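Have a look at the structure below before the remarks.
The values are calculated or read from the model by the stated rules, or taken from the named source; none is laboratory data. The structure presented is a predicted model; accordingly, all values stated were derived computationally and were not measured. Cβ sites come from the backbone with ideal geometry, for glycine too, and all protein chains shown count toward neighbours.
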Amino acid sequence: MKLSVIIVNYNVRHFLEQALLSVRNASHGLEVEVWVVDNNSVDDSVAMVQAKFPEVRLIVNQDNPGFAVANNQAIRRSTGTYVLLLNPDTVVEEDTFSKCITFMDAHPDAGGLGVHMIDGAGKFLPESKRGFPTPWVAFCKTFGLSRLFPRSAFFNRYHLGYLDEMETHPVDVLSGAFLFMRRSVLDKIGLLDEAFFMYGEDIDLSYRIVQAGYRNYYFPETTIIHYKGESTKKGSLNYVRTFYKAMIIFARKHFRGRGASGFIFMLQAAIYFRAALSLLSSFFKRIYLPLFDAVLIFTGLLFLKDFWAAYHFQDPGYYDRSVVYFNFPLYTLTWLAGIFFSGGYDRTARLRQIIRGVLFGTVILAAIYGFLEMSYRSSRALILLGTAWALVATVGLRLLLHFLRFGNFRMDRQSAPRLVIVGSAAESKRVQDVLQQIGVQKNFIGTVAPAEEANEDAFFLSNQYQLNEVAEVYKVDEIIFCSKDIPAERIMYWMSRLGPRIAYKTIPEESLSIIGSNSRNSVGELYTVDIYFAIDQPANRRNKRLLDIGLSGLLLVFSPLLWLISYRSAGKLFPQIWSVLRGHSTWVGYAGEDQDAPLPQLKPGIFSPKDGLPAFPLNQQTIRRLNFLYAKDYHLGTDLEIIRKALFRTKRD
């Protein structure tokens, strides 16, 4: 056997399907065996592989032992002269394997090989070639110097930015997304170090290859798509913690003396530094729009106070200072709360939700006004004038931000993306049917033929060789390639040529999933005839949080009575309420401790869908099914019913 391809999968069935199709195409005429190691996926990945890829050798784990362990399982059982570790969210060209084998055969000094990688927008992924993470290299990466000086051999040795991306070079580190190795070298240096759970295994393996006297090569004569890239979820605390802990393991393993201690200290400091940046970035993304709204509304109220006092009362000092310190903050927060609960801060918010939220806040203020002491009743006119200003300010801010981003003021009349499909007439019709079933709105321009001879058919806009002209003439926003008709090599060619302005997606042969990604910094995108999770809708998320807060308040008020009726141990009530109020937990969450399932994330629950059921043991499959149905069919009444049953059961017990 010439080549063993090993793919470790965890809950990315749709991407895995596309990757295996590309591997099948690249294996024609070669001696290739393909291994898939599934790390306890719950998205039917195993069933898909068994049904669609009977030639694949499958290893099914009953837990998730990590990337290194899973790869080693398949390496030990494989027989190829060469071993390729391949990510499931990749697509290889039809000649990728043959070119890599030819290069390795001609370069006996090559222990490992990496290739030219692009993301889902056609942009080069710098992690295709990397340097060893020495203390200086790690410092430059951690504190952004490598990004400030991307072409510098001094500051950017991590991504080797000074090396031409289209030339073959010996490099230090290869990416684990595509790591092509000589088996004889693995026999000499050993397999992946299982101390690494995720991240760092490729760096460690690359380092050991070089230490053994071999070279790692960056080979750009073939290209692959890596949808997620190294930077996937790089802003998350989990990524920061996992990545830098892997670097610490590497440093402790390979570095010695005072330099090692200093390096480890720097990496530990980097964890806190990057974690702080991540928290600040996440906080700002969530708070910047409400913060701007608050500043605009409050500033406008200050102006209106002075204007109304001078115009209506002919006394600039008519209003007491308490108006500024009590009334105006109350008005501002009430209008912001109205916008929030109206959905005005959702990612897809429309102007009507902003207007509805401000008017709802005004109604609440009118109700509150009657309950305030006379000294705090500033003026109903200020509430009415403030309402008008809040509407103008919040709507105007969104129109301005929309104009800066899109160059128009048609915020509530955004046209559907202009779509072109590249493929045969039959495949184009299939793509349109899938989009219709999913309910995705697109402005379908037409179909581009995969072959030149189809150009005379009136069904097609043109052939694929004129795709650049079609994209320019019709101002195309999105292109869907039919992989049954278009070779992967041509898909990557057009992605790189047309650039990241256009969103690219691919539909595998006989698949109901359309896959793509507009950035290496975000997870892959998916149009699929698949499951809709009601709990993931912003309105349901808000309602669930409101229920958490409201129920916590009621429990505080009636806690003495609840202790007598439902709780034998009074000591656990207040910690639970406090945990829910702080957002550390929710009253109803998933059953069990498995939060890695591909379901919308929830905080740990005080109760779960299995509470209130008969008290007999439930196996893991049943628990997962309960969690799945809870997320899929979620309604506010679902939580209320679960809580009622749970309390009744507790009372009965």
Could you tell me whether Ala270 is surrounded by 14 or more Cβ atoms within 10 Å (Cβ to Cβ) and at pLDDT below 90?
yes
Among residues belonging to segment 580-628 that are within 24 Å of His14 (Cβ to Cβ), at pLDDT 80 or above and touching a helix residue (DSSP H, G or I) at 6+ places or on another chain (Cβ under 7 Å), point out the one that is surrounded by the most Cβ atoms within 10 Å (Cβ to Cβ).
Tyr590
Would it be correct to say that Ala458 is within 25 Å of the chain's Cα centre (by Cα) and in a loop (DSSP other than H, G, I, E, B)?
no
Just a yes or no: is a residue in segment 450-464 touching a Phe, Trp or Tyr at 6+ places or on another chain (Cβ under 6 Å) and closer than 23 Å to Ser513 by Cα?
no
Read through the list (1) farther than 19 Å from Phe97 by Cβ; (2) assigned to a strand (DSSP E or B); (3) aliphatic (A, V, I, L, M), then give the number of the only condition that Ile7 fails.
(1)
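Quick grid of which residues meet (1) in a loop (DSSP other than H, G, I, E, B); (2) within 27 Å of the chain's Cα centre (by Cα); (3) in contact (Cβ under 8 Å) with a residue 40 or more places away in the chain; (4) buried (at least 24 other Cβ atoms within 10 Å of the Cβ):
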position	(1), (2), (3), (4)
Ala138	no, yes, yes, no
Phe154	yes, no, no, no
Tyr158	yes, yes, no, yes
Tyr162	yes, no, no, no
Met166	yes, no, yes, no
Leu186	no, no, yes, no
Ala195	yes, yes, yes, no
Tyr207	no, no, yes, no
What are the residue pairs meeting all of these: first residue in segment 619-631, first residue under 12 Å from Gly592 (Cα atoms), second residue at pLDDT 80 or above, Cβ atoms under 7 Å, and 6 or more apart or on different chains?
Ile623/Ala591; Ile623/Lys610; Leu626/Ala591; Leu626/Pro609; Leu626/Lys610; Asn627/Tyr590; Asn627/Ala591; Asn627/Pro609
Here are the criteria: (1) closer than 30 Å to Lys52 by Cβ; (2) at pLDDT 90 or above. Tell me which single one Tyr532 does not satisfy.
(2)
Consider segment 109-136. How many of its residues are within 20 Å of Thr222 (Cβ to Cβ) and either surrounded by 18 or more Cβ atoms within 10 Å (Cβ to Cβ) or of a type in the set (Gly, Ala, Ser) (or both)?
19
Within segment 425-445, restricting attention to residues that are part of a helix (DSSP H, G or I) and at pLDDT 90 or above, which residue is nearest to Asn463 (Cα to Cα)?
Ala425
Considering (1) over 24 Å from Lys544 (Cβ atoms); (2) assigned to a helix (DSSP H, G or I); (3) touching a residue at least 12 places away in the same chain (Cβ under 8 Å), say which one Tyr319 fails and leave the rest.
(2)
Failed condition for Phe648, given (1) assigned to a helix (DSSP H, G or I); (2) closer than 24 Å to Asn64 by Cα; (3) modelled with pLDDT under 75
(2)
Across segment 172-184, what is the number of residues that are part of a loop (DSSP other than H, G, I, E, B) and touching an Asp or Glu at 6+ places or on another chain (Cβ under 9 Å)?
4
Inside segment 306-352, can you point out the residues that are within 20 Å of Leu296 (Cα to Cα), surrounded by fewer than 16 Cβ atoms within 10 Å (Cβ to Cβ) and over 44 Å from the mean Cα position of the chain (by Cα)?
Asp306, Phe307, Arg321, Ser322
Checking Asn71, Asn25, Asn11 in turn, the sole residue that is surrounded by fewer than 23 Cβ atoms within 10 Å (Cβ to Cβ), farther than 21 Å from Arg490 by Cα and in contact (Cβ under 8 Å) with a residue 24 or more places away in the chain turns out to be Asn11
Given (1) within 23 Å of Leu84 (Cβ to Cβ); (2) outside any loop (DSSP other than H, G, I, E, B), index of the condition Ser146 fails:
(1)
